[in-house]
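Everything on this sheet refers to the single structure shown next.
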Amino acid sequence: MRIYVADTKDEMAYRAAEIIEDRLIKYPDTTLGLATGGTMIELYRYLVQMYERGIISFKSVVTFNLDEYVGIEPSHPASFRRFMYEYLFKHVDILPQNVHIPDGMAHDMRAECKSYDCAIKEHGGIDLQILGIGLNGHIGFNEPGTPFGTTTHVVDLTETTRAANAGFFGSIEDVPKQAVTMGIKNIMQSRSIILMASGEAKADMVAKALTGPITPQVPASVLQLHPQLTVILDRQAASSMPKDYFDCSFVA
Ligand code: F6R
């Protein structure tokens, strides 16, 4: 695991963007795993800037998003498809057929989950997966207690997660109760992972996930087992890490 501690949230986003930039310059046909949420907004802004300056292109990039709410239309202002379109896809040259987001309106969700797993396999797996972390330690929408062997599946969202996302919907009552998410197994099968977190509210969970016991009760703790994990935190999100942790770790 490599950990970078950035001074600000903005610098955290820029560092993640730089890693993606390097990768897309070297391997323009990268398969990216993408996340939504507040942590990602600045990252996508930097990627759009890099595209506009002609430094990177998404023409040969394939993307798989982690998750989507169940039961809301893709055009709903709070759908993850809409989020991706607004913050990234509409600004860059990605081909629509290369964008994959689970269909939360599918009639047969089991079939949808299976076909999402198959599509990831058919594209040769995910080269670089971007992750945020939930206040309860979730990654994707894999809530505490999710077995590590899960592939794409439907989940019941916890109240913590629904409350954290209420801002995107107006009120917690409007937040869907279910979502469809890549499983922990899909995430762990990615060849490399960037985990991003900012803000004091995430600090205790970040420390637990990165230095505590590896347990399904803290889904992000499984990332300690990934051989190619880069963690990018801002100072506040890093503030609960054990004091001696950085003595022997790589910190930039
Ligand atoms: C979103 C996702 C979630 C978020 C996490 C953090 O696609 O998979 O795991 O990354 O809930 O969300 P923010 O960034 O809004 O704090």
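Please get the size of the charge dipole for segment 1-62, origin at its Cα centre, with Cβ charges of +1 on Lys and Arg and -1 on Asp and Glu, quoted in debye to the nearest 20.
160
Using the structure shown, list the pairs from LYS114/LYS208; LYS114/LYS202; LYS177/LYS202 with a Cα-Cα distance above 30 Å, or answer none. List each step's numbers first, then the result.
Values: LYS114/LYS208 32 Å; LYS114/LYS202 32 Å; LYS177/LYS202 23 Å.
Over 30 Å apart, Cα to Cα: LYS114/LYS208; LYS114/LYS202.
At what distance in angstrom do the alpha carbon centres of segment 179-252 and segment 43-95 lie from each other?
What the calculation gives is 24 Å, centre to centre.
Could you state the accessible area per residue of segment 1-44 in Å², with a 1.4 Å probe and every protein chain left in place?
41
Segment 152-251: which trypsin sites (Lys or Arg not before Pro) are DSSP loop and have at most 13 other beta-carbon atoms within 10 angstrom?
LYS177, LYS243
Using a 1.4 Å probe on the protein chains only, how many percent of the accessible area of segment 1-122 belongs to carbon and sulfur?
Of the solvent-accessible surface of segment 1-122, carbon and sulfur hold 50 percent.
Note down the magnitude of the dipole of the chain about its Cα centre, charges +1 on Lys and Arg C-beta and -1 on Asp and Glu C-beta and zero elsewhere, to the nearest 20 debye. Don't skip to the answer; put the middle values down first.
Working: 22 positive and 30 negative charges, 81 e Å.
Around 380 debye, computed over the chain.
Give me the 1.4 Å probe accessible area per residue for segment 98-246, excluding ligands and nucleic acids, in Å². Mind showing how you got there, number by number?
Working: 6360 Å² over 149 residues.
Averaged over the residues of segment 98-246, the accessible area is 43 Å².
The values are calculated or read from the model by the stated rules, or taken from the named source; none is laboratory data. A quick note: this is a predicted structure, and the numbers were derived from the prediction, not measured. Using ideal geometry, Cβ is built from the backbone for each residue, glycine included, and neighbour counts are taken over all protein chains shown. Remember, those area values only see protein heavy atoms, side chains included, never the ligands or the DNA or RNA. Shrake-Rupley method; radii C 1.70, N 1.55, O 1.52, S 1.80 Å.
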